[in-house]
Amino acid sequence: MSLTISQRDTTTGPVLHVAGDLDFEHAPDLRRHLDRLSLREHQCLVIDLSDLRFCDSSGITALLAARRHAQAAGADIVLAAVPANTLRVLAVVGLDQVFTIRSGSAGAGRPAGEPPGDG
């Protein structure tokens, strides 16, 4: 299978929607995207995994690279809507204690330039 990465910018920082297989073949795609991603201090990088089908150790390593990228910029990182099978792997290796994990999908923040709504 393949991997698609889409990005939207919000008032709190970028949201990356990662869909497909984050595996040995496709993890470098995420790392290349991160290399081009500009983060500022106090932003929050959200990685929405709601459509992730598979994640192997290469994918976990790419997520750790995303964390290092955020930390280097003084930003936070959140993994959103982590599929149960990936969450189990993160828990087994203790990374559920390293990452901030949000159960809902990445609705964090409004699109950049969009005023607050009435609720």
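Every number in this text was worked out from the coordinates using simple rules, so none of it is lab data. Everything quoted here is computed from the prediction, not taken from an experiment. With ideal geometry, Cβ positions are generated from the backbone for all residues, glycine too; neighbour counts draw on all protein chains shown.
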(request) Sort 33, 42, 26 so the one with the fewest other Cβ atoms within 10 Å of its own Cβ comes first. (result) 42, 33, 26
(request) Output ³J(HN,Hα) for the stretch 29-43: one whole-Hz value per residue in order, computed from phi by the Karplus curve 6.51 cos²θ - 1.76 cosθ + 1.60 with θ = phi - 60°, and x for Gly and Pro. (result) 4, 5, 4, 5, 4, 5, 4, 8, 7, 8, 10, 10, 3, 6, 6
(request) Only one of the values (1) 31, 16, 13; (2) 30, 17, 15; (3) 22, 15, 14 was calculated from this structure for semi-axes √(5λ) of the Cα gyration tensor in Å; name its label. (result) (3)
(request) Pull up all non-local amide H partners of residue 10: gap of 5 or more, or a different chain, and H-to-H distance under 5 Å with H placed in the peptide plane. (result) 15, 112
(message) Taking the number of other C-beta atoms within 10 Å as the exposure measure, put 46, 15, 78 in order starting with the fewest.
(response) 78, 15, 46
(request) May I ask you to evaluate 6.51 cos²θ - 1.76 cosθ + 1.60, the Karplus curve with θ = phi - 60°, for each residue of the stretch 59-76 and list the ³J(HN,Hα) values in order in whole Hz, giving x for glycine and proline? (result) x, 4, 4, 5, 5, 5, 5, 5, 5, 4, 4, 5, 4, 4, 8, x, 9, 9
(request) For residue 43, list long-range residues whose amide hydrogen, built 1.01 Å from N in the peptide plane, is under 5 Å from its own amide hydrogen. (result) 76
(message) Could you give each residue of the stretch 5-19 its phi-based ³J(HN,Hα) in whole Hz, using Karplus coefficients 6.51, -1.76, 1.60 with θ = phi - 60°, and x for Gly or Pro?
(response) 10, 10, 10, 10, 9, 10, 5, 9, x, x, 10, 9, 9, 10, 10
